[in-house]
Amino acid sequence: MNLPLRARITAWYFAVLVVAFALFAWISDLGFRHSIETTVNDASRANLESVQRILVRVAPKGMEEVKEELNELGGVWADAALLEVSDADGIMLFQSERFKKPYRTLPPVSKSEITFLTNNLDHLQHRIAMRAAEINGHTFRIRVAVPTEPFDQALDRFRLILQETLPFLVVLASLAGYWLSGRALAPVNAIIETARGVGVQNLSSRLAVPPANDELRGLSETLNAMLARIEASVKRLTQFTADASHDLRTPVALIRTSAELALRRPRTDDEYRETLSRILATSEETTHLIENLLTLARADAGATELHFRDIDLVPHLEKIAEEACILAAGKGIQVTSELAAGPVLVSADPAAIERLLLIVIENAVKYTPSGGKIEVRFSNGAGNARIEIRDSGIGISDKDLPHIFERFYRADQARSRETGGSGLGLAIARWIVDLHGGLIEAQSTLGNGSLIRITLPVVANR
């Protein structure tokens, strides 16, 4: 059944109440009956002991005296208690009238201990106490009965009260439970209504947090935290889409414009060759941008598979240092390297590590003016491999430094137009480092170059 939560809570509450009240009625009935049994047993025992004391007093005087005392006692008790006394030969010394009409035949009295039984005497239920007593050389078999009818009537009245009141109390308590569950769930309904109103256009909306430090407060705070994460993700996605569209629009427009201009009138072979070269260069830049976009998209989707294995970092750093020299040669930049002796083993994807290092080197070359200097240093200690790439370039301002690893972030728009680039390289670098369980950080002073430090855990420390 797809019942609302409020109805399900009330149904469970009703079921628990039914079980609880039924258990209460059963225990109460059991206790009442036990109390009645204890009371009538005590009354029967007391009466039997009274008879026994009379027999002890009058038995020495003879059986006639015994009969006379018992007749007198029977008259005093009347129907409040019944009495039967016989001697060892079964001769009845006294017998109340109702003892002559038992519903079931009474067992013989043979034990000296008091025993109890319940039987109907002349259609009325009695509790009977029996005992055989040795008094003054005579054996007396004594039966004393106490009527249980008043107690049974009280028990019946108690059961009737339970039957009439408990269903009413269950229904009343269930209605109260339904009302209370509604009040308890009111904050949940408020949360639902607020959450329904949250959409892409108003992700900044937040749920009201109840003042009480309870589960609803925890739920509201958790949902608010989730909304904050969703808002941040949507903002990043929106910004990513806008930046990607902007960065792709420019090269596509350039390719189209170059082709249109070349087709407007006949041109020489050199002019066609120049136009095609410009289109080719723009296409290569666009291809590189698209590859970076796809890399980050696969990273966000968790679809990128890296193949980790234990590798020695030193040969890869040597290779990157050589490529740095080649890249820097065209601008007259001096590249020096200071590498620790190998092997230094890390668990890594070789292609990803080389891409990481190449991104940082390309950035250093791109933003270092002609005649500058780039230093590549590698050290191993304290369970970590540390790679430092320092340049003497234009540096990064304090305002821009915290954002350089964000996607599409460009520290200086004018500088970006001169040097090119999409602002995705360092974002990819940080993603690679994160996947390897490392750390990448930057230090820079505007006009005095930059330092990129990469720290990776070595295998021996894992």
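The values are calculated or read from the model by the stated rules, or taken from the named source; none is laboratory data. Remember, predicted model here, so these are calculated numbers, not experimental data. Note that each Cβ is placed from the backbone with ideal geometry, even for glycine, and that neighbours are counted across all protein chains shown. Only protein heavy atoms, including side chains, enter the accessible area calculation; ligands, DNA and RNA are left aside. Shrake-Rupley method; radii C 1.70, N 1.55, O 1.52, S 1.80 Å.
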Inset, instruction - Tell me the label-point distance for the pair GLU305, LYS61, using the 7 Å Cα-to-Cβ offset, in nm and rounded to one decimal. - result: 11.5
Inset, instruction - For semi-axes √(5λ) of the Cα gyration tensor in Å, several values are listed as (i) 39, 29, 19; (ii) 109, 30, 17; (iii) 40, 24, 18; flag the one computed from this structure. - result: (ii)
Legend entry - Projected label distance in nm at SER233 and LEU155, using a 7 Å step from Cα toward the beta-carbon: 6.8
Inset, instruction - Sequence neighbours fewer than 8 away in the same chain don't count; with that in mind, list the lysines whose C-alpha is under 24 Å from LYS111. - result: LYS67, LYS100, LYS101
Legend entry - Length released on extending from SER283 to ARG8, taking residue separation times 0.36 nm less the Cα-Cα span: 92.6 nm
Inset, instruction - Could you pull out which residues in the stretch 153-183 have an amide N less than 18 Å from a spot 7 Å beyond the Cα of VAL16, following the Cα-Cβ vector? - result: 169-183
Legend entry - D_trans [Stokes-Einstein, Kirkwood Rh over alpha-carbon pairs] for the stretch 13-60, 25 °C, 0.890 mPa s, µm² s⁻¹: 179
Inset, instruction - Calculate the spin-label point distance for ALA46 paired with GLN201, positioning each point 7 Å from the Cα along the beta-carbon direction, and give it in nanometres. - result: 8.7
Legend entry - Computed magnitude of the charge dipole of the chain (debye, nearest 20; Cβ of K, R +1, Cβ of D, E -1): 820
Inset, instruction - At a Cα cut-off below 19 Å, give the lysines reachable from LYS331, other chains included and same-chain residues fewer than 8 away excluded. - result: LYS366, LYS373
Inset, instruction - On a 0 to 90° scale, report how tilted helix 425-435 is relative to the longest principal axis of the chain, with both axes built from alpha carbons and the result rounded to the nearest 10. - result: 40
Inset, instruction - Pull out the extension gain between ALA259 and ARG104, defined as 0.36 nm times the separation in residues minus the alpha carbon to alpha carbon distance; nm, one decimal. - result: 43.6 nm
Inset, instruction - Report the net charge of residues surrounding ARG143, where surrounding means a beta-carbon distance below 9 angstrom and charges are Lys +1, Arg +1, Asp -1, Glu -1. - result: +1
Inset, instruction - Run the accessible area of the stretch 181-258 with a 1.4 Å probe and give the carbon-and-sulfur part as a rounded percent. - result: 61
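Ignoring any ligand, DNA or RNA, what whole percent of the accessible area of the stretch 1-123 comes from carbon and sulfur when the probe is 1.4 angstrom?
Here carbon and sulfur together make up 59 percent of the probe-accessible area.
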Legend entry - Accessible solvent surface per residue of the chain, calculated while the other protein chains remain in place, 1.4 angstrom probe, Å²: 59
Inset, instruction - Assuming R0 = 56 Å, can you tell me the calculated FRET efficiency for the pair ASN213 and GLN334, based on Cβ-Cβ distance, to the nearest 0.05? - result: 0.35
Inset, instruction - Kindly express, to the nearest 10 degrees and within the range 0 to 90, the angle between helix 63-77's C-alpha long axis and the longest C-alpha principal axis of the chain. - result: 50
